[in-house]
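To start, the structure under review is shown below, and the notes come after it.
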């Protein structure tokens, strides 16, 4: 499988008055990409400016950041023409890669605005190189700027940052380094959920080294989601045994829910549910399950007690 390293630049409203803001908060004005083969060698490049249709004045911060003027964009091509050419250029057997998790979402949002066929009818697996850099070289939790990573790795900075092609180029160089030095990190796949799974059969269940991830289909409401048996189940991702909960699902903010279960063979399992709202206004769930220590289980017990105390105070 090849790698398409993608970077986008986008503009936004200067006034906040355009009626399109609700459906298109960011209008893509440039697409840049690098094509790496399966071995991590650069085999192609793509760069194209896009003539804006919605926001025809450059946002002040955007202009300062990317050093691009509206007069230059007037020489660009329409979004649909550029995107169709870009997708043909990508080929067939590839995975998208980007610095962070925003680019694929905005690409799909712009495609939807222009009534283009979707990239997928469900979540798209991709490589978040920002996350992989953190896993390979730092603590796995920090999210650093692209230029920081380039400096950290001692790479030559031979073209300016903050343009789509140049940022895709630097991201590809970092990916090359990861492929060579830490190939196992590439298993840490991320999922873009602009389009949640269309049905129960298409829900995502993927096992990583230290945790399990589940992405549900859409529900009409939070209560419907939290009543679904698969959503609220606790299962050991190592032996696949259904577990009895020691602490039932609880929350302190109505967005993140936690539970504690115990596997006789593997120990304590912590479940975490994140409630997300889809582009259609419905609810879907991202659930992770991971092994934790006795100390972490005790901390989760204290967290549940604190959540109960907060609820009592709120009710009073």
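The residue 94 and residue 228 beta-carbon pair, evaluated with R₀ = 41 Å, returns a calculated FRET efficiency of approximately 0.75. Pair-distance distribution P(r) for the stretch 2-187, from all Cα-Cα distances in 10 Å bins starting at 0: 9, 36, 35, 17, 2 percent. Full extension of the chain segment joining residue 205 with residue 238 gains 10.5 nm, where the gain is 0.36 nm per residue of separation less the Cα-Cα distance. Take the chain, connect every pair of alpha-carbon atoms lying under 10 Å apart with a spring to form a Gaussian network, then pick out the residue of 214, 137, 237 with the largest mean-square fluctuation. Taking springs between Cα atoms under 10 Å, the residue moving most is 137.
From helices alone, the chain scores -9000 deg cm²/dmol at 222 nm; the rule is -39500 (n - 2.57) for each run of n ≥ 4 DSSP H residues, then divide by the residue total. The percentage of C-alpha pairs in the stretch 200-315 whose separation is greater than 19 Å is 47%. Considering only alpha-carbon pairs that sit under 8 angstrom and 6 or more positions apart, the relative contact order computed for the stretch 200-315 is 25 percent.
I want the antiparallel fraction of DSSP beta bridges within the stretch 2-187, as a percent rounded to 5. Taking every DSSP beta bridge within the stretch 2-187, about 65 percent pair in antiparallel fashion.
I want to verify a result. In a Gaussian network model of the chain, Cα cutoff 10 Å, which of these has the top mean-square fluctuation: 108, 69, 48? The residue with the greatest mean-square fluctuation here is 69. Per residue, the average separation of C-alpha pairs within less than 8 Å and at least 6 apart gives the chain a relative contact order of 14 percent. Helix 164-181 versus the longest principal axis of the chain: what angle, 0 to 90°, nearest 10, using Cα atoms? Once rounded, the angle reads 50 degrees. Choose one answer from 238, 104, 36: the residue with the largest mean-square fluctuation in a GNM of the chain with alpha-carbon springs under 10 Å. Top of the fluctuation ranking is 238. DSSP finds beta bridges in the chain, and of those with both partners inside it, around 85 percent are antiparallel. Can you classify the chain as rounded, prolate or oblate using the Cα gyration tensor, where a ≥ b ≥ c are the square roots of its eigenvalues, rounded means a/c under 1.5, and otherwise it's prolate if a/b beats b/c and oblate if not? Because a/c hits 1.5 or more and a/b exceeds b/c, the chain counts as prolate.
Between the helical axis of 294-315 and the longest alpha-carbon principal axis of the chain there is an angle of about 90 degrees.
Computed extension gain for residue 264 through residue 299, at 0.36 nm per residue and net of the alpha carbon distance, reaches 10.6 nm. Taking Cα atoms only, the orientation of helix 79-90 departs from the longest principal axis of the chain by about 70 degrees.
Our estimate of slack between residue 56 and residue 151, defined as 0.36 nm per intervening residue step minus the Cα-Cα distance, is 30.7 nm.
Values in this text are rule-based calculations from the coordinates and carry no lab data. Model, not experiment: these values are computed from the prediction. Note that we place each Cβ from the backbone using ideal geometry, even for glycine, and neighbour counts take in every protein chain shown.
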